[in-house]
2 protein chains.
Amino acid sequence: PELSRKLFRLIKSTNNLISHHEAAGKERVSIATQLSEWGEQTGDDGVSDISDKVGVILSEIGEVEEAYAHNLDEARGVLKAIRNTEKSVQPSRDNKDKIADEIQKLKFKEPSSTRLVVLENELVRAEAENLVAEAQLSNVTREKLKEAYETEFAAVIERAEKQIMLAKHGRRLLALLDDSPVTPGDGRPAYNQGSQARQILDDAEDDLKAWQP
Amino acid sequence: PELSRKLFRLIKSTNNLISHHEAAGKERVSIATQLSEWGEQTGDDGVSDISDKVGVILSEIGEVEEAYAHNLDEARGVLKAIRNTEKSVQPSRDNKDKIADEIQKLKFKEPSSTRLVVLENELVRAEAENLVAEAQLSNVTREKLKEAYETEFAAVIERAEKQIMLAKHGRRLLALLDDSPVTPGDGRPAYNQGSQARQILDDAEDDLKAWQP
C-alpha cells in the first residue's frame, strides 16, 4: 500500500475533528446570545442580569473552543510534513525494488548479459539514494510526530485551563441569584447584585489575559 | 410572543451543541486508532509504540469529550422544566387578559349589563390563579436556571480537569521518543522505553479513576 495513505486519512479525519469543535464554539456563542435574550424577556431583573452575564461567560467559553480548533489545525499542519516526506520517499523505494527485480529476472533469463553489470551499478546508486531518503524519513517522522502532538496536547491544556477559569466565574455569577421560593403575591427583594456581577466579569477578563502556557 | 418560544429555541440549539461535541469525541477515538495503525506500518519500533500509546491517550480524551456531551444533555434536561412551566403559565396569563378585555368592551357597549358583575368575579379568580402561576414560574425559573448552569459549568470543569491529566501524560509519552537525527546508514539505538510507556498509561488510568468533582 502507498506509504502516505494512512497518514493522509488521519489528516483528513483531523480536519473533521476541527470542524466539529469550530461548530461547537460558534453554537456556544449563539446560545449565549439566546440565553441573554430569554433572560431579558422574563421581566425579572435578577434573572435578566445573571442570564446576560452567564451568557458572556458562555460566549467566552465558545471563543476558547474556536481558538482550540485553530490550534488543532496547527498540529494538523505539522503532520503534513511527515506525509509529504513519506510521499517523496515512495519513488525511491520503488526504484530500488524495480532494479533489484530486473536483475533477478535477467539472471534467470540471460545470466551472461553485459547489462547485468550496468544494473548492479544502478542498484548500488539507488540503494545509496534510498538510504539517505529513509534516514530523512525517520528523522522527519520522529521530529514532526513529537511536534504535532506536543502542539495538540498544549492546545488541549490551554482550552481546559481557560475554560476552568471561566466556568468557576460562571458559578460565582449563579451564586448571586437568590432562588429561595416566593409565595404568591409576595414580591422578591429588589435585585442589587449588579455591581458584584459586573466585577465577576472583570475578574474573568483579567484571568484570561493573565493566562500563560 | 409565546412565552416559551425563546427557551424552546435555546434548548434546540443546545441539542446541536451536544451533537458537535459527541461527533468530536467519536472522531477523536477513530483518529486514535488511525494513529496507532499508521505507527505500526512505519516499521519503526519506537514510533510504533509511542503512536500506539499516544493513541490510547487520545482515545481517552475522546471518551471524556463524549461524557461531556452526555453531561451537557443533563443540563439541557433541566432547562426543559423552565420551558414546561412557561408553557403552562401562558394560558393563565391569556385567560386573565381575555376577561379584562371582555370587561372593557362590555363597559363601553353595554355599561349596565348584569354580565359585568359575573365577569368581574371571574377576573378576580383568574388573577388569583395567575398570581400563583407567576410565583411558581418565578420559583421554577430561578431554581432550574441555577441548577442547569451549575450542571453545565461542572461538566466544563470535569472535561477540562480530566483532559489536562491525560494531555500531561501524553506529553510524557512523547518525551520518551528520541528524535535526535540519524545519519544515513546508521541505525537508531534499539527502542527500550516500552515499559516506561506502559507505566505512563497505567498512571493515566489511575489519575482518571481517582478524579473527583
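Every number in this text was worked out from the coordinates using simple rules, so none of it is lab data. Every value quoted in this text rests on a predicted model; they were computed, and no experiment measured them. Here the Cβ is made from the backbone with ideal geometry for all residues, glycine too, and neighbour counts use every protein chain on show.
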Exam field: B:H70 pseudo-label spacings to other copies (7 Å along Cα-Cβ), nanometres: 3.3
Exercise: per-residue mean of other protein chain Cβ atoms within 10 Å, A:23-30: 5
Residue closest to axis [chain A; rotation mapping onto B; Cβ; Å]: A:A160, 2
0 to 90° range, to nearest 10: angle between helix A:45-109 axis and chain A longest Cα axis: 0 degrees
Region B:108-177: Rg to Rh, with Rh as the Kirkwood radius over Cα pairs: 1.65
Per-residue Cβ neighbour rank within 10 angstrom, fewest leading, B:I50, A:I164: A:I164, B:I50
Alpha-carbon radius of gyration plus Dmax, which is the widest Cα pair, for region A:79-213 in Å: 34.1, 111
Cβ charges +1 (Lys, Arg) and -1 (Asp, Glu), total dipole of the protein assembly as shown, debye: 980 debye
Shielding by partners, peptide B:55-67 (average Cβ within 10 angstrom, other chains): 1
Partner chain coverage, peptide B:8-14 - average Cβ within 10 angstrom: 4
Label-point gap, in nm, between B:A190 and A:Q41 - each point 7 angstrom along Cα→Cβ: 7.1 nm
Label 7 Å beyond Cα on the Cβ vector: A:N15 copy-to-copy distances, nm: 3.0
Cβ-vector label at 7 Å, B:K109, separations to other copies in nm: 10.7
Among B:Y68, B:L79, B:S92 the positive-end extreme of the charge dipole of region B:47-119 (Cβ point charges): B:S92
Angle between chain A longest axis and helix A:115-175 axis [Cα atoms, degrees, rounded to 10]: 10 degrees
Of B:K12/B:K87; A:K80/B:K162; B:K80/B:K146; A:K168/A:K209; B:K162/B:K209, those spanning more than 18 Å from alpha-carbon to alpha-carbon: A:K80/B:K162
Taking only Cα atoms of the protein assembly as shown, radius of gyration then Dmax in Å: 32.1, 130
Cα gyration tensor category, rounded, prolate or oblate, for region B:7-86 with a/c compared to 1.5: prolate
Listed peptides A:136-148, A:93-105 by packing density, highest first (mean Cβ within 10 Å): A:136-148, A:93-105
Ratio Rg/Rh [Cα only; Rh per Kirkwood] for region A:167-213: 1.18
Computed helical MRE - 222 nm, the protein assembly as shown, DSSP H runs ≥ 4 contributing -39500 (n - 2.57), nearest 500: -31500 deg cm²/dmol
